[in-house]
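Trainee: Quick one: the structure is below, and I'll ask about it shortly.
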Amino acid sequence: MHDVVIVGAGPVGLLLAGELGLAGRSVLVLEREPAPGSPWRTAPLGVRGLFTRSIEVLDRRGMLEPLLATAGDPAALAGPRRRAVGHFAGIMLDAANLDTGPQPFGLPSSTPEFVMTDLGTVETVLSERAVKLGVEIRYGAEVSAITQDDRTVVVSDGEQEYAARWVVGCDGGRSAVRTLAGFGFDGTEPTFTGYVMLATITNEERLDPGFTLTPEGMYINMPTPGHIGMMDFDGGAFDRSQELTRDHLQAVLRRVSGIDVTVTDVRFASSFTDRARQATTYRRGRVLLAGDAAHIMSPLGGQGLNTGLGDAVNLGWKLAATVRGSAPEGLLDTYDGERRPVGAQALDWTRAQVATMRPDPHAQAIQAVVRDLLATRDGTNYVVRKMTGATTRYDLGDEHPLVGRSAPDFRLEDGSRLADLMQDGRGVVLDFSADGCLRDSGWDADVRYAAGPAVDDLGLGAVLVRPDGIVAWVGDRVPDREGFDRAARRWFGASGAR
Ligand SMILES: Cc1cc2nc3c(=O)[nH]c(=O)nc-3n(C[C@H](O)[C@H](O)[C@H](O)COP(=O)(O)OP(=O)(O)OC[C@H]3O[C@@H](n4cnc5c(N)ncnc54)[C@H](O)[C@@H]3O)c2cc1C
């Protein structure tokens, strides 16, 4: 029996698998596809943007460098018209308006804020690490049944049964695990049908590069010739079970763009919608959900993958401690408590964009107002901070503005960075106090101790960082030992329980 069976070897399942492997748990990943590397996951079709929070997670586990070795140019997607830092509802955000200095209680970071990559590259980096950590990935195994009691959960792919103490459904937007385990999945119905295609397009030069909002919706002319995205505000009426024909794709492109282009030789095409739904709980008994299995939304604003990676890193250490038996009471439930609100915000973020883009006169009037606001510094910075997750804060109490946020990348004078200290998946206590007040704290199994001084300690005496990089506690110049112990107990249970 495995400690954990993960269903789905997408980015979320693979990151979670690596986190559990790092904590020494036995993990089996079951993946429906016979092998990795589908053209839908590699560039250009599988191109995805990663934001600050995801980039930090990869950096803190030593996976950023291999990823960056293959990443593309973020400005390329916006097209050559202007230097842009993303978009809101298809309205481009001008990089010239962006405040690039550190935010309050922030530090300059050595990592980029945005990385353009593709699912295939992310999955390669994540799976190589997971396998090195002892994770088994079985391809060609499509889970079609689940049963659970209070001690075990068993999944089946129709040929074989796999028993585990826990199962996590990371099997994407049409999650079988979600359905089979009886999760509720509530939300809103689509207003548009979206399309992605790779085709030959006669007179493609008539289409503007990058994102173009039109009275009918939006089209995106991506840097690879013939790679087009479209959003058609048809009320989600297109029957997505039918085959996507050249005629249909051409008709939609002509209608949405208002340009008489001709589509030939469709090599790849698929459709999506802005249906936005979220699981009503992320845990039922011994079954949990993460990533698209827990929340679906339109791709507008690049939230799905980033939110899913956030789920995985939040869940990994909590589930590992629960399996090990060292978790404090209720630790696993904080996964749902922390991540479901973040998922709900991501859904709303994409809904707000859809509502702004709609072709009706009311939405068009709102769009004009939003366009004016986004042309300002405040507007641009508001959107970029929301989009990149910089404003995300878990409600862990109000004792300090940093608590509940991702820790800034503190740099010690010996040259080490917080990210270096987090590679083994333990929490970290950074003790900047002159006499190392928190030394020999007794939490070594779960928390790595590192003494300052720091290049910039932001005026703090100590910081306790959870394994997922979230600040759990902040100490004054002379850190309060009892406060630290309370915080450590809250997240790691009894000292030395491992
Ligand atoms: C056009 C487009 C552009 C996007 N751009 C961005 C972006 O820029 N930034 C961003 O953050 N997000 C983006 N997204 C969303 C992002 O791709 C998804 O949120 C992300 O892939 C979800 O990862 P996941 O691991 O949860 O699920 P998936 O990537 O869907 O992986 C699920 C895996 O589970 C497997 N599986 C499914 N069913 C079973 C089963 N029964 N048994 C075993 N295995 C199964 C699948 O084969 C798959 O490998 C975009 C989406 C689209 C459509």
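Trainee: Go through the residues of the stretch 272-279 one by one and say whether even a single one is within 14 Å of the ligand (Cβ to nearest atom), buried (at least 24 other Cβ atoms within 10 Å of the Cβ) and among the hydroxyl-bearing types (S, T, Y). So that I can check it myself, show each step before the final result.
Mentor: So the first thing to find is which residues in the stretch 272-279 are within 14 Å of the ligand (Cβ to nearest atom), and the list is 272-279.
Filter once more, so that each one left must be buried (at least 24 other Cβ atoms within 10 Å of the Cβ): 274, 279.
Pick out the ones that are also among the hydroxyl-bearing types (S, T, Y) and you get none.
No, there is no match, as no residue in the stretch 272-279 is within 14 Å of the ligand (Cβ to nearest atom), buried (at least 24 other Cβ atoms within 10 Å of the Cβ) and among the hydroxyl-bearing types (S, T, Y).
Trainee: Only one of (1) small (G, A, S); (2) at pLDDT below 95; (3) surrounded by fewer than 16 Cβ atoms within 10 Å (Cβ to Cβ); (4) within 16 Å of the ligand (Cβ to nearest atom) fails for G217. Which number is that?
Mentor: (3)
Trainee: Suppose the filter is part of a loop (DSSP other than H, G, I, E, B), more than 15 Å from the ligand (Cβ to nearest atom) and either without any contact (Cβ under 8 Å) to a residue 12 or more places away in the chain or of a type outside the set (S, T, N, Q) (or both); does L253 pass it?
Mentor: no
Trainee: Is it the case, given these coordinates, that R439 is buried (at least 22 other Cβ atoms within 10 Å of the Cβ), of a type in the set (D, E, K, R) and assigned by TED's automatic domain parsing to the domain that holds R489?
Mentor: So R439 does not fit the description; no.
Trainee: Restricting the stretch 155-196 to residues that are part of a strand (DSSP E or B) and closer than 30 Å to Q250 by Cβ, which is farthest from the ligand (Cβ to nearest atom)?
Mentor: Out of the qualifying residues, it is T188.
Trainee: If you don't mind, another one. Of all the strands (runs of 3 or more DSSP E) wholly in the stretch 1-53, which have at least 1 residues that are more than 12 Å from the ligand (Cβ to nearest atom) and modelled with pLDDT of 95 or more?
Mentor: In the stretch 1-53, the matching strands (runs of 3 or more DSSP E) lie at 2-7, 27-31.
Trainee: If you don't mind, there's one more thing I want to ask. Would you check if T356 is of a type in the set (V, I, T), out of contact with any strand residue (DSSP E or B) (no Cβ under 6 Å at 6 or more places or on another chain) and surrounded by 14 or more Cβ atoms within 10 Å (Cβ to Cβ)?
Mentor: yes
Trainee: Still on this structure, please answer the following. Can you tell me which residues in the stretch 280-300 are assigned to a strand (DSSP E or B) and more than 12 Å from the ligand (Cβ to nearest atom)?
Mentor: R283, R284, V287, L288
Trainee: For the stretch 421-457, how many residues meet the condition of being over 21 Å from G316 (Cβ atoms) and assigned to a loop (DSSP other than H, G, I, E, B)?
Mentor: Going residue by residue through the stretch 421-457, those that are over 21 Å from G316 (Cβ atoms) are 430-442, 449-457.
Next, from what is left, pick out any that are assigned to a loop (DSSP other than H, G, I, E, B): 432-442, 452-453, 455-457.
Selection size over the stretch 421-457: 16.
Trainee: Let me ask something else. Starting from the stretch 4-19, take each residue that is under 21 Å from G46 (Cα atoms) and list its partners that are among the polar types (S, T, N, Q) and more than 6 Å from the ligand (Cβ to nearest atom), counting only C-beta distances under 7 angstrom and pairs at least six apart or across chains.
Mentor: Matching pairs, first to second residue: A9/S127; L14/S127.
Trainee: Collect the residues in the stretch 251-265 that are crowded, with 18+ Cβ neighbours inside 10 Å and either under 13 Å from A199 (Cβ atoms) or not assigned by TED's automatic domain parsing to the domain that holds I228 (or both), keeping them in residue-number order.
Mentor: V252, L253, V263, listed by residue number.
Trainee: Go through Y449, Y382, Y394 for me and flag whichever is out of contact with any Pro (no Cβ under 7 Å at 6 or more places or on another chain) and in the same structural domain as P108 (by TED's automatic domain parsing).
Mentor: Y382 is the lone residue from the list that is out of contact with any Pro (no Cβ under 7 Å at 6 or more places or on another chain) and in the same structural domain as P108 (by TED's automatic domain parsing).
Trainee: Regarding the stretch 197-204, can at least one residue be identified that is closer than 17 Å to D292 by Cβ and away from the ligand (no atom under 16 Å from the Cβ)?
Mentor: No; the residues of the stretch 197-204 include none that is closer than 17 Å to D292 by Cβ and away from the ligand (no atom under 16 Å from the Cβ).
Trainee: Would you pick out the residues in the stretch 109-147 that are assigned to a helix (DSSP H, G or I), more than 14 Å from the ligand (Cβ to nearest atom) and either closer than 17 Å to H2 by Cβ or among the small types (G, A, S) (or both)?
Mentor: V131
Trainee: Turning to a different aspect of this structure: What number goes with the only condition from (1) hydrophobic (A, V, I, L, M, F, W, C); (2) surrounded by fewer than 21 Cβ atoms within 10 Å (Cβ to Cβ); (3) over 23 Å from D360 (Cα atoms) that I228 does not pass?
Mentor: Status for I228: all satisfied but (2).
Trainee: Among the residues of the stretch 405-419, write down those that are more than 25 Å from S326 (Cβ to Cβ) and not in a loop (DSSP other than H, G, I, E, B).
Mentor: Selection gives R411, L412, R417.
One line per residue, one yes/no per condition, for (1) in contact with a helix residue (DSSP H, G or I) (Cβ under 8 Å, 6 or more places away or on another chain); (2) of a type outside the set (D, E):
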site: G90; (1), (2): yes, yes
site: S127; (1), (2): yes, yes
site: D150; (1), (2): no, no
site: V154; (1), (2): no, yes
site: A163; (1), (2): no, yes
site: F185; (1), (2): yes, yes
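The values are calculated or read from the model by the stated rules, or taken from the named source; none is laboratory data. A quick note: this is a predicted structure, and the numbers were derived from the prediction, not measured. FYI the Cβ positions are ideal-geometry reconstructions off the backbone, even for glycines, and counts take in every protein chain you see.
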